[in-house]
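The values are calculated or read from the model by the stated rules, or taken from the named source; none is laboratory data. As the structure is a computational prediction, the values presented were derived from the model and not from experiment. FYI the Cβ positions are ideal-geometry reconstructions off the backbone, even for glycines, and counts take in every protein chain you see. To get the accessible areas, we keep the full protein, side chains included, count just its heavy atoms, and leave off ligands, DNA and RNA. Shrake-Rupley method; radii C 1.70, N 1.55, O 1.52, S 1.80 Å.
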Amino acid sequence: MRRSPTIPTRGLLTLLILLLVTLSHDVRASRKTDVVTLYNGDKITGEIAEMDGGILQFKTDAMGTLSIEWPEIASVASEYHYELRLTSGERLYGSFGSGSRAGQIELVDLFGKHDIEWLQVVEIRPIEDKLLDRLDVYLSTNFSFTKATSIARLSFNTAISYEDQTSVSSLNGRTDLTSSDSGDSDSSRYDIERWSWRKQRSDSFKSIFANYEDNDELGLNHRVGVGAGFGKYWLDTHRTRFTGALGLQAISESFSGQETNQDVELYLSSTFNTWKFNTPELDIDLTFNVYPSLTDTGRIRTDGNLRIRWELIKDLFWDVSAWVTTDNETGSGGSSTDYSITTGVGWKL
């Protein structure tokens, strides 16, 4: 790909001018003039909604929103403006010209025309998108009851994220409630996190986060943590994403029979995602964190989360969720390990 010098200046100037264009034209209300050409020669006119996970969402008047596999598309043309994220992590801004060969995007910006190979493009997003268009909400629940043991279990899971040009913010939470003849117990964890990056180095990011956790099995009344760190996208393609992060976290916690304790921990985190967005959708999301204590020598905590969701019908999913948490120094009478595996249905908004 031919690159222009001073990428940060180019991106900033381009974005400022495109924002002025956005403010002076209500392009989202009436546009249906983008053209997608398939390798079989078919041309479809409509509106590019987004491309993510190897699937282009294309809105048409006659056929509704089409999901087109990215490798099946020979070319796209649009006079409107988009953000492109490449496999290198670079983010570019411009419109799509019609002069490229099959398998290339001709990006037109203030600095001229640039040919970008098809497989370099990980994501396409209209920069005129409204806030709600950038919001991703997923909810799932599961209930089970066993008569022989009189054990009832109810689980809730939620994942909410919002992404713009320079950051992604997320809320992930779970609550498990268990009732039996011997008593009731519950376990909860909620994480809020924000990743932000510079456009010229968007494969690296800064992270700030906060979390809350309680667990009867571990004897944990509550734990609240806040921290910050740095991370990197080690792998980011149409089908797979792998990240790692390193930082520090301060926690305040209370175990059964003990006074409230404060601790400072090292934060080591990794995430792995793989997906298939053509019908039926499949999404696998794995996170694993390690917390070696810096103020309580020898203490190490870990937690991991796995979510698998498989589309049954549009926006309704079969959901499998699993989590595990360990602590080699728990409260009096508490276990060092707790885990759960649940399955149920989920809904994507």
(request) Holding the Cα-Cα limit at 18 Å, pick out from 276/314; 206/348; 59/314; 206/232; 276/348 the pairs that are longer than that. (result) 206/348
(message) Pairwise over distinct Cα atoms, reciprocal of the mean inverse distance: report the Kirkwood radius of segment 194-349 in Å, one decimal place.
(response) 17.4
(request) Let me know the charge dipole size of segment 159-260 about its Cα centre in debye, to the nearest 20, where only the beta-carbon of Lys, Arg (+1) and Asp, Glu (-1) is charged. (result) 1060
(request) With the cut-off at 19 Å, report for segment 156-215 the share of all Cα pairs above it, as a whole percent. (result) 47
(message) Charges at C-beta only: +1 for Lys and Arg, -1 for Asp and Glu. How large is the resulting dipole of segment 200-349 about its Cα centre, in Debye rounded to 20?
(response) 820
(request) Enumerate the aspartates and glutamates that residue 113 could reach by cross-link, defined here as Cα to Cα under 16 Å, with residues fewer than 8 away along the same chain left out. (result) 79, 83
(message) Let's test the formula: R0 of 35 Å, r as the Cβ-Cβ distance of residue 276 and residue 143. What FRET efficiency results, to the nearest 0.05?
(response) 0.80
(request) At most 16 other Cβ atoms within 10 Å and a DSSP loop assignment: could you name the chymotrypsin sites (Phe, Trp or Tyr not before Pro) in segment 282-321 that fit? (result) none
(request) For segment 282-349, give the percent of accessible area contributed by carbon and sulfur heavy atoms, probe 1.4 Å, rounded to a whole number. (result) 66
(message) Let's test the formula: R0 of 35 Å, r as the Cβ-Cβ distance of residue 294 and residue 259. What FRET efficiency results, to the nearest 0.05?
(response) 0.95
(message) Checking the cross-link filter: which aspartates and glutamates have an alpha carbon closer than 18 Å to that of residue 147, excluding same-chain neighbours under 8 positions apart?
(response) 181, 184
(message) If packing is taken as the average count of other Cβ atoms within 10 Å, what order do 71-78, 291-298 fall into, highest mean first?
(response) 71-78, 291-298
(request) Can you tell me the FRET efficiency between residue 79 and residue 150 if r is taken as the Cβ-Cβ distance and R0 is 51 Å, rounded to the nearest 0.05? (result) 0.20
(message) Apply the Karplus curve 6.51 cos²θ - 1.76 cosθ + 1.60, θ = phi - 60°, to the phi angles in segment 83-91 and return the couplings in whole Hz, x for Gly and Pro.
(response) 9, 10, 10, 9, 4, 6, x, 5, 10
